[in-house]
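Below is one structure, written out as structure tokens; the observations come after it.
The values are calculated or read from the model by the stated rules, or taken from the named source; none is laboratory data. All of these numbers come straight from a predicted model, not from anything done at the bench. Glycine gets a Cβ as well: all are built from the backbone with ideal geometry, and neighbour counts include every protein chain shown.
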Amino acid sequence: MRLAQIVSALGARLENGSPDTEITGVAGIEEAGAGQLTFVANPKYAAAARTTKASAVIVADDFPALATPIVRSKNPYLAFARAIGLFHPARKYAAGIHPTAVIHASARIGEGAHIGPYVVIDEDVEIGKNAVLLANVVIYRCVKIGDNFLAHAHAVVREHCRLGNNVLLQNGAVIGADGFGFAKDDLGHWHKIPQPMPVVIEDDVEIQANSCIDRASVGETHIARGTKIDNLVQVGHGSRIGEDSLLASQVGLAGSTEVGNNVILTGQVGVLGHCKIGNGAIVTPQSGVAGDIPGGAIVSGSPAVDHKLWLKYSALLSRLPEIAKAVRAKKD
């Protein structure tokens, strides 16, 4: 692919290079070689940009000039992501229904659907246009799904759940399993609380492999537009997640958690039930949230506190034996 074609597709600007340069693929800044396109978005890789063997580098508008041809973009990371898509476009699935699929007569499926082997679609299901359901996907009764749905093998959508347009479920994602609700009787035995209410997922949401979004006993579990959920995430019953939020791997939300818009919960964050996390907040890895987090805050630790305060705590940890020894000596 000619460099000029790539620059045009990215809406970027070529500087210091021939538009006829042939680009055969993409690679990271340190691994890239002749014929490959790379990028710099993190300042710590700026020095590597001067020595890279790549044929062109995507950089920000204010990045210093290089001897290597550069492609200037307002958002180099996004531009590189789109460049990857140029060389590795998403697979297209031909419309059709595999003979092993089991589809209830009352189900309504839009045109252009690809229904793979051993897919099961129960009664009164509605699915929009251009759906792709790969092997062993199961859609329970009365589910409603919008256009351009893509479910990878072994994804499950339980009864009465509602999914918008452009929803993507990776392998083994489970939407609408029973919430974890039990009541104890006088003898100390646990009794299951019914969980009849649905999960609602808005447009442009991706839920990755083996993540679970639980249904609720009352109300609904709600994932708003554009949110992305990583592998092995647990969203408890009745929780609500706002628009364009990111939940990284092994995040766990207990029941009735409220997460705002543009929130980032990094790996292994745990959130106690009924907590509220405000818009734009960031919770750093392995933090435990036991109370409400205001919008825009960055918090760390368990229990989570302001990130700057947590840095001070962390700096003192290695000195605790020394401090304890000094305290004991003073008492003596």
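Just one of (1) closer than 20 Å to R240 by Cβ; (2) buried (at least 20 other Cβ atoms within 10 Å of the Cβ) fails for A155. It is (1). For the range 53-99, what are the residues that are under 27 Å from the mean Cα position of the chain (by Cα), part of a loop (DSSP other than H, G, I, E, B) and not small (G, A, S)? Within the range 53-99, K74, N75, H88, P89, R91, K92, Y93 qualify. Scan the range 27-42 for residues that are surrounded by 14 or more Cβ atoms within 10 Å (Cβ to Cβ) and either part of a loop (DSSP other than H, G, I, E, B) or among the small types (G, A, S) (or both) and the total you get is 7. Every condition in (1) out of contact with any helix residue (DSSP H, G or I) (no Cβ under 9 Å at 6 or more places or on another chain); (2) on the phi < 0 side of the Ramachandran plot; (3) at pLDDT 95 or above; (4) surrounded by 12 or more Cβ atoms within 10 Å (Cβ to Cβ) is met by P99 except one, and the failing one is (4).
A count restricted to the range 281-332 and to residues that are more than 19 Å from S245 (Cβ to Cβ), in contact with a strand residue (DSSP E or B) (Cβ under 6 Å, 6 or more places away or on another chain) and either in contact (Cβ under 8 Å) with a residue 40 or more places away in the chain or in a loop (DSSP other than H, G, I, E, B) (or both) stands at 2.
Annotation for the range 173-180: no member residue is over 19 Å from L253 (Cα atoms) and modelled with pLDDT of 95 or more.
Yes/no matrix, rows are residues, columns are (1) aliphatic (A, V, I, L, M); (2) more than 24 Å from D203 (Cβ to Cβ); (3) buried (at least 17 other Cβ atoms within 10 Å of the Cβ); (4) out of contact with any Pro (no Cβ under 8 Å at 6 or more places or on another chain):
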residue: T257; (1), (2), (3), (4): no, no, yes, yes
residue: N262; (1), (2), (3), (4): no, no, yes, yes
residue: T266; (1), (2), (3), (4): no, yes, yes, no
residue: V269; (1), (2), (3), (4): yes, yes, yes, no
residue: I293; (1), (2), (3), (4): yes, yes, yes, yes
residue: L320; (1), (2), (3), (4): yes, yes, no, yes
residue: R328; (1), (2), (3), (4): no, yes, no, yes
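Put simply, of V167, V143, V138 the only residue that is free of Cβ contacts under 8 Å to residues at least 60 places away in the same chain, buried (at least 20 other Cβ atoms within 10 Å of the Cβ) and over 16 Å from the mean Cα position of the chain (by Cα) is V143. Tally time: how many residues in the range 69-83 are farther than 15 Å from G28 by Cα and among the hydroxyl-bearing types (S, T, Y)? Number of matching residues: 1. When the range 163-191 is filtered for residues that are of a type in the set (G, A, S), part of a loop (DSSP other than H, G, I, E, B) and under 20 Å from G219 (Cα atoms), the ones remaining, listed by number, are G164, G179, G181. So, I70, is that one among the aliphatic types (A, V, I, L, M) and buried (at least 19 other Cβ atoms within 10 Å of the Cβ) or not? Yes, satisfied. Among residues of the range 36-61 that are farther than 19 Å from P19 by Cβ and modelled with pLDDT of 90 or more, those with a Cβ under 9 angstrom from a residue that is of a type in the set (F, W, Y) and assigned to a helix (DSSP H, G or I), sequence gap 6+ or separate chain, pair up as A41/Y77; A41/F80. Only one entry in E15, E30, E22 is modelled with pLDDT of 95 or more and either acidic (D, E) or in the same structural domain as G110 (by TED's automatic domain parsing) (or both), namely E22. Considering only residues that are buried (at least 23 other Cβ atoms within 10 Å of the Cβ) and closer than 16 Å to E243 by Cβ, which ones fall in the range 214-229? Correct list: T221, I223, T227, I229. Inspection of the range 2-17 finds a residue satisfying the criterion of being surrounded by 13 or more Cβ atoms within 10 Å (Cβ to Cβ) and touching a Gly at 6+ places or on another chain (Cβ under 7 Å).
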